[in-house]
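What follows is a single structure, written as structure tokens, with notes after it.
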């Protein structure tokens, strides 16, 4: 399987809307209203301009069919600024290793960026698929932690981290 990660662009709003369905957002507080989706899209488009991270459209090659999103962005954690990562793969493409392959590529890109030492992920403890992605991408489990997502909604997560300087 070959993937292409392309920085998020204006034309990716439709993909974000396809991701914003109950089946996809069950571990992330449920679907967001349209105005929040548009706000999120704007943040994704401008992340690389502001230097706070990069979001990517994930597409299958050779067709370049959009199948999901992944990225990394600034997060204050443990008294330092780290990269956080997260991903979504459309339901009809799940179970093929796409998220793990995209996560491995994001690890490479975050390491090449060079501005942060640590890349973290915070999947809910009961999200077995996302926890497996972390394992498959080379992250080390730190343990369980309390987290908010969306902001104001407490959840219990596994904290995973990867030392980008060790690559």
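Over all orientations, the chain has a Cα convex hull whose mean projected area works out to 9.3 square nanometres.
Measuring nothing but how far apart in sequence close Cα pairs (under 8 Å, 6+ apart) lie, relative to its length, the chain scores a relative contact order of 18 percent. When the Gaussian network model of the chain links Cα atoms closer than 10 Å, the mean-square fluctuations of 89, 107, 142 top out at 142. Our estimate of slack between residue 42 and residue 126, defined as 0.36 nm per intervening residue step minus the Cα-Cα distance, is 27.2 nm. Of the residues 41, 46, the one with the fewest other Cβ atoms within 10 Å heads the list, and the complete ranking is 46, 41. For the range 106-167 versus the range 72-87, the inter-centroid distance based on Cα atoms is 9 Å. Helical runs (DSSP H, four residues minimum) scored at -39500 (n - 2.57) apiece and divided by the length of the chain put the mean residue ellipticity at 222 nm at -9500 deg cm²/dmol.
Among 139, 56, 147, the residue with the largest mean-square fluctuation in a Gaussian network model of the chain, with springs joining Cα atoms closer than 10 Å, is 147.
Grab the beta carbon distance between residue 165 and residue 109, set R0 = 22 Å, and tell me the FRET efficiency rounded to 0.05.
For R0 = 22 Å, the calculated efficiency reads 0.90.
Using a Gaussian network model of the chain in which every pair of alpha carbons under 10 angstrom is joined by a spring, one finds that among 80, 98, 37 the greatest mean-square fluctuation is at 80. Each residue in 124, 161 was given a count of other beta-carbon atoms within 10 angstrom of its own, and listing them fewest first yields 124, 161.
Look at 166, 48, 130, 100 and count the other Cβ atoms within 10 Å of each Cβ; fewest to most, that gives 166, 48, 100, 130.
For the range 3-166, DSSP calls about 95 percent of its internal beta bridges antiparallel.
Here, each number is a calculation from the coordinates, and none is a lab measurement. Values in this document were obtained by computation on a predicted structure and should not be read as measured data. Heads up, the Cβs are rebuilt from the backbone with ideal geometry, glycines too, and the neighbour counts pull from every protein chain shown.
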